[in-house]
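Undergrad: One structure is given below, represented as structure tokens, and several questions about it will come after.
The values are calculated or read from the model by the stated rules, or taken from the named source; none is laboratory data. All of these numbers come straight from a predicted model, not from anything done at the bench. Cβ placement follows ideal geometry from the backbone for every residue including glycine, while neighbour counts extend to all protein chains displayed. Please note that ligands, DNA and RNA were not included when accessible areas were found on the heavy atoms of the full protein model with its side chains. Shrake-Rupley method; radii C 1.70, N 1.55, O 1.52, S 1.80 Å.
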Amino acid sequence: MGLTATQNMIVLQAMELSWIGGQADDADDQCAHGRVTMKVNGREFVSPQDGTWTVSAAALYLLRTFSSDHGEGLTVADQNYLFPCCGFNAWKLPEDERVVCIGCPNGLDVEVIHKNGSLVELRKRDVVECVSVDMWTRAVLGFAMQIRQFYQDSRRKAYIADDFDRSGWDAFWKEWSELEASATASLNVY
């Protein structure tokens with residue numbers, strides 16, 4: 001039996017967006033927090049009851065799944081989860097092109113594996129669903145745009161005095177923008 005995208009429906013949405021400690025705005029907090037709903041073909045992978053996640057790091061990790069798998073032995077979330085509890089330090093390591101978002105050892109993982117060049121298989125324990133690459137791309141872009149809008153609607157972030165930390169957050173947003181632009185161009189979305 002081959003893999004198919006059956007109902008072709010995905011919901012990936014952040015809610016109750018806030019800054020650290022549930023604050024509506026905080027110029028010093030670099031990472032956005034919130035609850036997440038992720039349902040694929042009617043089956044739940046992440047629910048708001050699962051907890052509050054660092055959705056800014058999750059958005060970056062999800063954007064990375066456009067070109068990389070996330071599963072056993074493969075990760076887009078170096079030293080973290082796809083939906084991390086924390087991702088408060090964005091570090092640009094000299095030996096790696098990707099930003100590493102360091103946090104606590106808690107979070108929630110969903111495997112994201114590309115199949116047959118046209119499908120994305122999503123897996124969490126015994127729940128497995130497939131969607132088209134196009135549908136996955138649109139859902140992740142929508143999630144990333146939702147988080148980016150939250151940043152834009154909030155106060156401008158305070159200047160980061162530490163050079164290492166500042167370069168990490170600069171690299172975070174640079175990678176995010178590049179992944180977002182590449183995916184958007186592949187869909188011909190304007």
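Undergrad: Quote to one decimal, in nm, the extra length available between Ile160 and Val128 on full extension: 0.36 nm per residue of separation minus the C-alpha distance between them. Before the final figure, lay out the partial values.
TA: Working: separation 32, 0.36 × 32 = 11.52 nm, distance 4.16 nm.
Length gained between Ile160 and Val128: 7.4 nm.
Undergrad: Let me ask something additional. Hull surface divided by four, with the convex hull built on the Cα atoms of the range 1-102: how many nm²?
TA: Numbers: hull surface 33.1 nm².
About 8.3 nm², averaged over all directions.
Undergrad: Given a cut-off of 22 Å, name the pairs among Lys92/Lys157; Lys124/Lys174; Lys92/Lys174 whose C-alpha atoms lie farther apart than that in the structure shown.
TA: Values: Lys92/Lys157 19 Å; Lys124/Lys174 30 Å; Lys92/Lys174 11 Å.
Table pairs above 22 Å Cα-Cα are Lys124/Lys174.
Undergrad: Share of the range 100-169's accessible area from carbon and sulfur, percent, 1.4 Å?
TA: Exposed carbon and sulfur together represent 50 percent of the surface.
Undergrad: If you take the charge dipole of the range 123-185 about its Cα centre, with +1 on Lys and Arg Cβ and -1 on Asp and Glu Cβ, which of Phe172, Ile147, Tyr159 is farthest toward its positive end?
TA: Ile147
Undergrad: Okay, next question. Which of the aspartates and glutamates could a cross-linker span from Lys115 if the Cα-Cα distance has to be under 20 Å and same-chain partners fewer than 8 positions apart are dropped?
TA: Leaving aside aspartates and glutamates fewer than 8 places away in the same chain, those within reach of Lys115 are Asp69, Glu72, Asp126, Glu129, Asp134.
Undergrad: While we're on this one: Rolling a 1.4 Å sphere over the protein heavy atoms, what is the accessible area per residue of the range 1-82, to the nearest Å²? Spell out each step's value before the answer.
TA: Numbers: 3710 Å² over 82 residues.
Solvent-accessible surface per residue comes out at 45 Å².
Undergrad: Run the numbers on the range 65-130 and let me know its relative contact order in percent, using alpha-carbon pairs under 8 Å that are six or more apart.
TA: Relative contact order of the range 65-130: 28 percent.
Undergrad: Towards the positive end of the charge dipole of the chain, with charges on Cβ (+1 Lys, Arg; -1 Asp, Glu), say which of His33, Val55, Leu187 has the farthest Cα.
TA: Leu187
Undergrad: For the range 85-163, what does the accessible surface come to per residue with a 1.4 Å probe? Please give it in Å².
TA: Working: 4290 Å² over 79 residues.
I get 54 Å² per residue for the range 85-163.
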